[in-house]
Amino acid sequence: MRLIARSSALSAIAFLAAACSTAPTRFYTLSRAPASAATPATAASNMTVVVGPVSIPAVVDLPQIVVSTGANSVSLDEFNRWASPLQSNISRVVAENLVALLGTPRVSQFQQSLNLDADFRVAIEVQSFDSALGDAATLNAVWVVRRTKDGKSQTGRTTVREATGTAGYEALAAAHSRALARMSQEIAEVIRGLERAQ
C-alpha cells in the first residue's frame, strides 16, 4: 500500500514539474506607425472618419497566430497569440494611423462609434493576412472610402509584403504593423482627395 502511495506521489510530482516547465503563452499586438513613418497632415482637420466594418479570412480569425508552413499548409501556435481579436486589432491600428495622417482626432472604430454622421466611412475586407515566421508578413486587402454627404465612394486595393528582418513573433507582428501603415497611407490619400473634391 505504501509503495502504491509513494508511486502515486512521485507521479504527481513529475506531472507538476512537467506542467511548470512548459513555455509560457506570449501575447502580441499590432501597433500604429511610428511618427517617422507616417506623413502627417499639413494642417489640423475637423473631419470625422469611422473605420469599419473590417472583415478578415476565417483561417486567421483565431486567438493563435496562424503561420504559413507551405503553399497549402498552416500551423497554429498555442503559445503565441494575439492579445485581442485580430479584426478589432486591425481596425484600431488603421484608426490610430489615420489620426496622424489626416490631422484629426475624430477617427473612431465602427463597433465603438457613436457618430452616425461621420464625414467618411472606411470599410476594409482583408483577403489575406499571411505570416511566414522568419520571412515576411503579407497583406492583401480591398477597401472602400465613402463620403457620407453624397455617397460618393472610391475603392482601392493594398497588396504589400513586409520582410520581418529577424526570426520571431515580435518581428512578425511589427512587419504586419508596417503593412497596415502602408494601407493606412493609401486610404488617407483617397480621403484627402475626396475632401478636396467637395
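Annotations
- Of all residues making up segment 148-198, the number that are assigned to a strand (DSSP E or B) and without any contact (Cβ under 8 Å) to a residue 40 or more places away in the chain: 10
- Set Ser84, Ser88: member being within 12 Å of the chain's Cα centre (by Cα), in a helix (DSSP H, G or I) and surrounded by fewer than 18 Cβ atoms within 10 Å (Cβ to Cβ): Ser88
- Reported count of residues in segment 66-81, each being polar (S, T, N, Q) and surrounded by fewer than 15 Cβ atoms within 10 Å (Cβ to Cβ), is 4.
- Residue list for segment 126-147, filter: outside any strand (DSSP E or B) and either in contact with a Cys (Cβ under 7 Å, 6 or more places away or on another chain) or surrounded by fewer than 15 Cβ atoms within 10 Å (Cβ to Cβ) (or both): Gly134
- Flag for Thr166 being surrounded by fewer than 16 Cβ atoms within 10 Å (Cβ to Cβ) and closer than 14 Å to Glu125 by Cα: no
- Consider segment 114-125 and keep the residues that are of a type in the set (A, V, I, L, M) and crowded, with 22+ Cβ neighbours inside 10 Å. The one that is farthest from Ala188 (Cα to Cα) is Ile124.
- Filter result for Leu172 (modelled with pLDDT under 95 and surrounded by 15 or more Cβ atoms within 10 Å (Cβ to Cβ)): no
- Whether a residue is of a type outside the set (Gly, Ala, Ser), part of a strand (DSSP E or B) and surrounded by fewer than 21 Cβ atoms within 10 Å (Cβ to Cβ) was assessed, and Gln111 does not pass this test.
- Qualifying residue in segment 48-57 (condition: assigned to a loop (DSSP other than H, G, I, E, B) and modelled with pLDDT of 95 or more): yes
- Checking Ala188 against (1) surrounded by 15 or more Cβ atoms within 10 Å (Cβ to Cβ); (2) touching a strand residue (DSSP E or B) at 6+ places or on another chain (Cβ under 8 Å), the condition it does not meet: (2)
- Condition broken by Pro63, with the remaining ones in (1) at pLDDT 65 or above; (2) surrounded by fewer than 11 Cβ atoms within 10 Å (Cβ to Cβ); (3) of a type outside the set (A, V, I, L, M, F, W, C) satisfied: (2)
- Scanning segment 140-163 for residues that are among the β-branched types (Val, Ile, Thr) and either over 20 Å from Asn89 (Cα atoms) or at pLDDT below 95 (or both) yields a total of 2.
- Checking every residue in segment 115-128 against the condition of being small (Gly, Ala, Ser) and within 17 Å of Val66 (Cβ to Cβ) gives at least one match.
The values are calculated or read from the model by the stated rules, or taken from the named source; none is laboratory data. Here the structure is a predicted model, which is why all the values come from computation and not from measurement. Heads up, the Cβs are rebuilt from the backbone with ideal geometry, glycines too, and the neighbour counts pull from every protein chain shown.
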